[in-house]
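Undergrad: One structure, pasted below without further comment.
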Amino acid sequence: MKLVEFEESYFEEVRNLLNLSLSEDFISDRSLKRITFNDPNYDKRYALVAIENENIVGFVLGVKRERAPEELVEAQKELAWIKVFAVREDYRNKGIATKLFEELEGRLKDSGTKKVRIADFPGWTLFSGVDLKYQDALAFLLSRGFKKVGEAVDYEIDLLNFYIPKRVLKMDVSPAVVRKAEKSDKNKVLSWVKSEFSVFWEYEASVGFEYDKPKLWIAEDKNEIIGFSVYSALEPHWFGPIGVSTKTRLKGIGSLLLFNCLKSMREEGQRIAVIPWTSHLFFYTQVPGINKIRHYWILEKTLF
């Protein structure tokens, strides 16, 4: 077996490997490109492919924040993340994952990395952590010294069964107005999202504005932004992020933003909606059509 760095020529076979190895997930070309070549932090030194008998049998994708967002590069220079890893089922228990991780961790240590996390890399990740259904992967990581440092869930919603409850339809949040965002709202919305929440949510909102018709709903009061929600931005089936200013919470604005976004997804032909990487368990349980909840552990390991 040999380890090589990920190249575009390996793209299709690595995509196939991930889809056949990760039984709970479906990874499109768009998704794999987003977390590799389209990530401004991508460095092929941390993307390793295991090859046996001219077949790709394993893959691990690591990353360091070396370019974006610029304001976090220096602060997180000693951190790294592993976005995804997989070994072909018929090649498991042969030490392939161990060799991939040993090589990756060695390269990360050489670059000054002190801690590595799985897999909470906002903006350019597939998952918030390790799905607990991947029992063998979780056991492997714990055996290598990774420890749980957080957890999150995904909600999966079947929009075939979606409807807006009567109580939501009757909500009156005046004088606030909830409406679909327009291109002309971009600068005002992004500035507000960055100041109220984070540069990561600003990035996701900016992706929503890249479409001909922005994939955002916003709430305004006297022409000032007080809330926003995004849908189908990073991934066609993803909802979020969503946020409401602190002073206007608990008035129903968040629920209106949520239901309007999901309605837009239904109108645009999206069958399954996923609300990824959240800890707001009660807020999202109001949505009809939830058919699956995925539970993740966020893991971290100290390298030295």
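Undergrad: Among (1) assigned by TED's automatic domain parsing to the domain that holds ARG34; (2) surrounded by fewer than 22 Cβ atoms within 10 Å (Cβ to Cβ), where does ASP158 come up short?
TA: (1)
Undergrad: So which of GLU78, GLU89, GLU70, GLU105 ends up being under 22 Å from PRO241 (Cα atoms) and more than 18 Å from the chain's Cα centre (by Cα)? Spell out how you get there, then give the answer.
TA: Details: GLU78 fails: under 22 Å from PRO241 (Cα atoms); GLU89 fails: under 22 Å from PRO241 (Cα atoms); GLU105 fails: under 22 Å from PRO241 (Cα atoms).
Of the residues listed, the single one that is under 22 Å from PRO241 (Cα atoms) and more than 18 Å from the chain's Cα centre (by Cα) is GLU70.
Undergrad: Kindly state which strands (runs of 3 or more DSSP E) lie completely within region 78-163 and contain at least 1 residues that are among the acidic types (Asp, Glu) and either in contact with a Pro (Cβ under 9 Å, 6 or more places away or on another chain) or at pLDDT 95 or above (or both).
TA: Values: elements: 79-87, 115-118, 147-158.
The qualifying strands (runs of 3 or more DSSP E) are 147-158.
Undergrad: Right, here's the next one. Could you grab the pairs with beta carbons closer than 6 Å, sequence gap of 6+ or different chains, first residue in region 21-42 and without any contact (Cβ under 8 Å) to a residue 24 or more places away in the chain and of a type outside the set (A, V, I, L, M, F, W, C), second one surrounded by 13 or more Cβ atoms within 10 Å (Cβ to Cβ) and assigned to a helix (DSSP H, G or I)?
TA: Here the result reads none, with nothing in region 21-42 linked to a residue that is surrounded by 13 or more Cβ atoms within 10 Å (Cβ to Cβ) and assigned to a helix (DSSP H, G or I).
Undergrad: Sticking with this structure for a sec: Considering only residues that are farther than 23 Å from SER111 by Cα and touching a helix residue (DSSP H, G or I) at 6+ places or on another chain (Cβ under 9 Å), look in region 74-92 and name the one that is surrounded by the fewest Cβ atoms within 10 Å (Cβ to Cβ).
TA: Step one: filter region 74-92 for residues farther than 23 Å from SER111 by Cα, giving 86-92.
Now drop any that are not touching a helix residue (DSSP H, G or I) at 6+ places or on another chain (Cβ under 9 Å), which leaves 86-89, 92.
Working: ALA86: 25, VAL87: 24, ARG88: 19, GLU89: 11, ARG92: 17.
Top of the filtered list is GLU89.
Undergrad: So how many residues does region 64-73 have that are among the acidic types (Asp, Glu) and either surrounded by 13 or more Cβ atoms within 10 Å (Cβ to Cβ) or closer than 16 Å to TYR134 by Cβ (or both)?
TA: So the answer is 1.
Undergrad: Now for a separate question. Let me confirm something: among GLY112, GLY123, GLY58, GLY95, which residue is on the phi > 0 side of the Ramachandran plot and buried (at least 16 other Cβ atoms within 10 Å of the Cβ)? I'd like the intermediate steps shown before the answer.
TA: Values: GLY112 fails: buried (at least 16 other Cβ atoms within 10 Å of the Cβ); GLY58 fails: on the phi > 0 side of the Ramachandran plot; GLY95 fails: buried (at least 16 other Cβ atoms within 10 Å of the Cβ).
Within the list GLY112, GLY123, GLY58, GLY95, the selection yields GLY123.
Undergrad: For region 204-212, does any single residue satisfy the condition of being on the phi < 0 side of the Ramachandran plot and crowded, with 23+ Cβ neighbours inside 10 Å?
TA: If we filter region 204-212 for residues that are on the phi < 0 side of the Ramachandran plot, which is where we start, we get 204-212.
Then drop every residue that is not crowded, with 23+ Cβ neighbours inside 10 Å, which leaves 205, 208.
Within region 204-212, one or more residues are on the phi < 0 side of the Ramachandran plot and crowded, with 23+ Cβ neighbours inside 10 Å.
Undergrad: Of everything in region 234-252, what is crowded, with 22+ Cβ neighbours inside 10 Å and farther than 17 Å from SER198 by Cβ? Give them in sequence order.
TA: PHE239
Undergrad: From TRP201, TRP217, which residue is buried (at least 18 other Cβ atoms within 10 Å of the Cβ), in contact with a Cys (Cβ under 7 Å, 6 or more places away or on another chain) and not acidic (Asp, Glu)? Steps first, answer last, please.
TA: On the way: TRP201 fails: in contact with a Cys (Cβ under 7 Å, 6 or more places away or on another chain).
The match here is TRP217.
Undergrad: THR302 - would you say it is closer than 21 Å to SER195 by Cβ, surrounded by fewer than 21 Cβ atoms within 10 Å (Cβ to Cβ) and of a type in the set (Val, Ile, Thr)?
TA: On the way: closer than 21 Å to SER195 by Cβ: no; surrounded by fewer than 21 Cβ atoms within 10 Å (Cβ to Cβ): yes; of a type in the set (Val, Ile, Thr): yes.
No; evaluated as a whole, the condition is false for this residue.
Undergrad: Still on this structure: So ALA152 fits all but one of (1) more than 19 Å from PRO40 (Cβ to Cβ); (2) buried (at least 19 other Cβ atoms within 10 Å of the Cβ); (3) within 15 Å of the chain's Cα centre (by Cα); (4) small (Gly, Ala, Ser); what number is the exception?
TA: Failed condition: (2).
Undergrad: Has region 222-233 got any residue that is at pLDDT 95 or above, in the same structural domain as SER184 (by TED's automatic domain parsing), among the charged types (D, E, K, R) and surrounded by fewer than 18 Cβ atoms within 10 Å (Cβ to Cβ)? Show your work before the answer.
TA: In the first step, residues of region 222-233 are kept if they are at pLDDT 95 or above; the result is 224-233.
Adding the requirement that they be in the same structural domain as SER184 (by TED's automatic domain parsing) leaves 224-233.
Going one step further and asking which of them are among the charged types (D, E, K, R), we end up with 224.
In the following step, the residues that additionally are surrounded by fewer than 18 Cβ atoms within 10 Å (Cβ to Cβ) were identified as 224.
Checked region 222-233: at least one residue is at pLDDT 95 or above, in the same structural domain as SER184 (by TED's automatic domain parsing), among the charged types (D, E, K, R) and surrounded by fewer than 18 Cβ atoms within 10 Å (Cβ to Cβ).
Undergrad: Being at pLDDT 95 or above, polar (S, T, N, Q), over 18 Å from the mean Cα position of the chain (by Cα) and over 26 Å from LYS147 (Cβ atoms): is that true of SER31 here?
TA: Working: at pLDDT 95 or above: yes; polar (S, T, N, Q): yes; over 18 Å from the mean Cα position of the chain (by Cα): no; over 26 Å from LYS147 (Cβ atoms): yes.
The answer is no for SER31.
Undergrad: Answer with yes or no whether VAL189 is under 23 Å from the mean Cα position of the chain (by Cα) and β-branched (Val, Ile, Thr). Can you show your working first?
TA: Values: under 23 Å from the mean Cα position of the chain (by Cα): yes; β-branched (Val, Ile, Thr): yes.
Yes.
The values are calculated or read from the model by the stated rules, or taken from the named source; none is laboratory data. Everything numeric here is computed off the predicted structure, so don't read it as measured data. As a convention, Cβ positions derive from the backbone with ideal geometry for all residues, glycine included, and neighbour counts pool all protein chains shown.
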